[in-house]
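The values are calculated or read from the model by the stated rules, or taken from the named source; none is laboratory data. Here the structure is a predicted model, which is why all the values come from computation and not from measurement. All Cβ positions, even for glycine, are placed from backbone atoms using ideal geometry, and neighbour counts span all protein chains on display.
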Amino acid sequence: MYKILIIEDDQGIAEGIQTRCQSWGFEVQCVKDFKDVLHTFVSFHPHLVLLDITLPFYDGFYWCSEIRKISKTPIIFISSATERMNMLMAMNMGGDDFVCKPFDIDVLLAKIHALLRRTYDFSNENTVLEFHGALIDTDKQVVMYQAQQIALSKNEYLILICLVKNKGKVVSREKLMNALWQTDSFVDENTLSVNVNRLRKKLENAGMDHVIETKFKVGYMIV
């Protein structure tokens, strides 16, 4: 049974999400102590986190960064703070998706199912892929370059796998969104761009420059 932690100070919204998620068989806990969200996270050990931005004491960006220090558990931001900068900051802080309030609960559930599926049911092929001198162990989901491991989020890893498996070919944005979210609906294209840019920056920081090429209005490719 998957466990979902809801970090939302609006009790009505939190309980509404909790009830619907429980009807799908999820074990759900809502944070009560907003001074020490991390304690609840560690003790509950969830498979997925739903995180609001505007919270008492510390905001969602802070708690996302604290969670990311100890865990790669997928995080979906749910917020009425829908300015583009907030969305970009949420993804840059380590969020995996963003849902705007007010939201359709069925769309939120679809995103939850998709994120859980791609995080925990991703098919291990027990093979090693190579690109530009780097190696990807798809069994362990580890990327190595010149004896150093490149730490990637789930989204970044799936984007890289999709591009590497299509080396020399342009992979459309729609195909990448389907690879990540099993749909190209209900997804802000900025979310994909943020993930690709974050992946590109991590590769560059490891010494792999100009690996991912952008094809304007079409997609991306490993050159």
For the stretch 196-218, the count of residues that are part of a strand (DSSP E or B) and surrounded by 13 or more Cβ atoms within 10 Å (Cβ to Cβ) equals 3
Residues of the stretch 133-156 classified as part of a strand (DSSP E or B), among the aliphatic types (A, V, I, L, M) and in contact (Cβ under 8 Å) with a residue 40 or more places away in the chain, total | 2
Which condition does MET91 not pass, out of (1) in contact with a helix residue (DSSP H, G or I) (Cβ under 6 Å, 6 or more places away or on another chain); (2) in a loop (DSSP other than H, G, I, E, B); (3) of a type outside the set (S, T, N, Q), if it passes all the others?
-> (2)
Checked against (1) surrounded by 14 or more Cβ atoms within 10 Å (Cβ to Cβ); (2) more than 24 Å from LYS32 (Cα to Cα); (3) at pLDDT below 85; (4) of a type in the set (A, V, I, L, M, F, W, C), ALA90 satisfies every condition except (2)
Scan the stretch 2-15 and report the pairs whose first residue is part of a loop (DSSP other than H, G, I, E, B) and whose second residue is modelled with pLDDT of 90 or more and acidic (Asp, Glu), with Cβ atoms within less than 6 Å and a gap of 6+ or a chain change.
-> GLU8/ASP52
Being among the aromatic types (Phe, Trp, Tyr) and assigned to a helix (DSSP H, G or I) is the filter; apply it to the stretch 27-46 and report the residue that is nearest to the chain's Cα centre (by Cα).
-> PHE41
Tell me which residues, restricted to the stretch 194-222, are β-branched (Val, Ile, Thr) and in contact (Cβ under 8 Å) with a residue 40 or more places away in the chain.
-> VAL194, VAL211, ILE212, VAL218, ILE222
So which residues in the stretch 47-87 are modelled with pLDDT under 85 and in a helix (DSSP H, G or I)?
-> ARG84, MET85, ASN86, MET87
